[in-house]
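> Take a look at this one; I'll ask things after.
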Amino acid sequence: MLQIKKRFIGFALLCNLILAFGHANAQPMVILKLDDLGSKNGTSNAAPVLDYLLDMKIKTAIGVIAVRLDSTALKAYSKYIAAKNDKNENIFEVWNHGFTHTNNNPPGGDKREFDGTGYQFQKQHFNTADSIVFKLLGVQMHTFGSPYNAVDSNTTRVIAENKNYKVVLLDGKKSGYERGILHMNNRVNMEVATGVPNFDQFVIQYNNLIGKYPDVIVLQGHPAFYDVAKFEELKKIIVFLQGKKCQFVLPYDLYVLNQKLKR
């Protein structure tokens with residue numbers, strides 16, 4: 001019998017995940033978190049990157065800003081929503097990245113959407129984003145990642161009140177469960193600035209943090225900003241992780257699998 005250390009996010013989830021995915025892996029599983037997606041005239045603003053990940057069958061979590069989805073959103077995203085890998089598993093998960101993703105909100109006109117704004121404001125923005133995505137894409141989202149990765153106690157309350165949501169990405173909390181919500185914060189930077197992936201710096205980060213985050217890591221990217229050179233940096237990062245035999249996973253899949261295996 002394999003001797004597996006039970007270190008994943010503060011409880012014995014890693015053993016369950018290894019059983020579910022079929023093998024032990026010396027390298028961490030990877031959540032590829034892509035931010036700030038929208039649509040225009042039937043095309044995603046990150047289409048080249050998404051098409052590459054689709055061709056490579058890399059599981060990817062795509063965060064949409066609801067107000068940036070136009071009426072052609074389904075045309076832009078339908079092939080990604082429907083995409084399956086060889087095991088008939090979803091390749092993409094659409095997650096809630098806010099309604100407006102602005103930083104000029106009340107009070108004072110200088111607050112980020114989910115940090116320092118009131119409870120009613122946040123609840124309206126959270127649920128409006130959820131409703132718009134469901135209407136335009138036909139997707140019920142289960143994962144949330146705040147604009148600017150900024151949250152406060154009101155955000156925690158709002159998320160808990162929407163029973164469809166089970167995962168939160170990069171909210172600064174300790175990784176693990178809180179009130180039934182899975183928080184994932186084992187971040188390894190693949191961008192040196194917003195929209196600027198850098199392979200060499202990523203490898204340094206990866207090697208420095210592999211001991212701290214041995215089980216699951218979260219990589220954040222902003223593909224709408226990638227030109228040809230930046231895109232090549234992302235490709236090198238993906239190839240590096242594949243060479244390490246890392247497994248790409250979707251955030252909500254982690255939650256669902258753990259719930260099934262705990263029964």
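The values are calculated or read from the model by the stated rules, or taken from the named source; none is laboratory data. Source: prediction; values computed, not measured. Cβ atoms come from the backbone with ideal geometry, glycine included; neighbour counts cover every protein chain shown. Accessible surface areas use protein heavy atoms only, side chains included; no ligands, DNA or RNA. Shrake-Rupley method; radii C 1.70, N 1.55, O 1.52, S 1.80 Å.
> Could you do me a favour and compute the accessible area per residue for region 29-262, 1.4 Å probe, result in Å²?
Values: 10020 Å² over 234 residues.
Dividing the accessible area of region 29-262 by its residue count gives 43 Å².
> Still on this structure, please answer the following. Any idea how far apart ALA229 and ASP86 come out in nm if each label point goes 7 Å out from Cα toward Cβ?
Calculated label separation equals 3.7 nm.
> Also: For region 21-152, what is the relative contact order in percent, using Cα pairs closer than 8 Å and at least 6 residues apart in sequence? Intermediate results must be reported in sequence, preceding the final value.
On the way: 221 pairs, mean separation 30.0, N = 132.
Relative contact order comes out at 23 percent.
> What net charge do the residues around SER71 carry, taking every other residue with its C-beta under 11 Å from that of SER71, with Lys and Arg at +1 and Asp and Glu at -1? The partial results should precede the final answer.
Working: positive: LYS40, LYS75, LYS135; negative: ASP70.
Counting the neighbours of SER71, the net charge comes to +2.
> Next question. Reported to two decimal places, what Rg/Rh ratio describes region 169-263 when computed on Cα atoms with Rh from the Kirkwood expression? Mind dumping the intermediate values first?
On the way: Rg = 14.7 Å, Rh = 14.6 Å.
A ratio of 1.00.
> Accessible area, 1.4 Å probe, largest first: how do ILE181, ILE210 sort? Don't jump to the answer; show the numbers that get you there.
Working: ILE181 15, ILE210 55 Å².
Accessible-area ranking of ILE181, ILE210, largest first: ILE210, ILE181.
> Right, here's the next one. On alpha-carbon atoms, Rg over Rh for the chain using Kirkwood Rh? Intermediate values should be presented prior to the final figure.
On the way: Rg = 17.8 Å, Rh = 18.8 Å.
Rounded to two decimals, Rg/Rh equals 0.95.
> Oh, and also: What are the trypsin sites (Lys or Arg not before Pro) within region 136-224 that DSSP puts in a loop, where the Cβ has at most 14 other Cβ atoms within 10 Å? Please list the in-between numbers first.
Values: sites: ARG157, LYS163, LYS166, LYS173, LYS174, ARG179, ARG187, LYS212; in loops: LYS163, LYS166, LYS173, LYS174, ARG179, LYS212.
Within region 136-224, the qualifying trypsin sites (Lys or Arg not before Pro) (loop, at most 14 other Cβ atoms within 10 Å) are LYS163, LYS173, LYS174, ARG179, LYS212.
> Given a Förster distance of 25 angstrom, what is the FRET efficiency for LYS212 paired with ASN41, based on the Cβ-Cβ distance and rounded to 0.05?
0.05
> Still on this structure, please answer the following. For the full complex of protein chains and a 1.4 angstrom probe, list THR143, THR72 by accessible area with the highest value first.
THR72, THR143
> Could you list the trypsin sites (Lys or Arg not before Pro) in region 225-255 that lie in coil according to DSSP, counting only those with at most 15 other Cβ atoms within 10 Å of their Cβ?
Working: sites: LYS230, LYS235, LYS236, LYS244, LYS245; in loops: LYS244, LYS245.
Taking region 225-255 and a limit of 15 other Cβ atoms within 10 Å, the loop trypsin sites (Lys or Arg not before Pro) found are LYS244, LYS245.
> Related question: With an 8 Å Cα cut-off and a minimum separation of 6 or more residues, compute the relative contact order for region 118-263 in percent.
On the way: 161 pairs, mean separation 25.7, N = 146.
Relative CO of region 118-263 lands at 18 percent.
> So for the chain, averaging the separation of alpha carbon pairs under 8 Å that are six or more residues apart and normalising by length, what relative contact order in percent results?
Contact order relative to length: 24 percent.
> Of THR155, THR43, which has the most accessible area and how do the rest follow, probe 1.4 Å?
Details: THR155 0, THR43 70 Å².
Largest to smallest exposure gives the sequence THR43, THR155.
> Heads up, I need the accessible area for VAL67: 1.4 angstrom probe, whole protein in place, Å², nearest 10.
Its heavy atoms expose roughly 80 Å² to the probe.
> If you roll a 1.4 angstrom probe over the protein chains with everything in place, what fraction of the accessible area of region 80-194 belongs to carbon and sulfur, to the nearest %? List each step's numbers first, then the result.
Working: 2390 of 5090 Å².
The nonpolar share, carbon plus sulfur, comes to 47 percent.
> So how much slack lies between LYS245 and ILE204, counting 0.36 nm per residue of separation and subtracting their Cα-Cα distance, in nm?
Gain on extension, LYS245 to ILE204, equals 13.0 nm.
> What do you get for Rg/Rh over region 184-228 if you use C-alpha atoms and the Kirkwood form of Rh?
1.00
> Report the calculated FRET efficiency for ASN104 and LYS57 (r = Cβ-Cβ distance, R0 = 35 Å), to the nearest 0.05.
On the way: r = 40 Å, r/R0 = 1.13.
Efficiency at R0 = 35 Å is approximately 0.30.
> Determine the distance separating the Cα centre of region 235-263 from the Cα centre of region 104-149; give it in Å without decimals.
26
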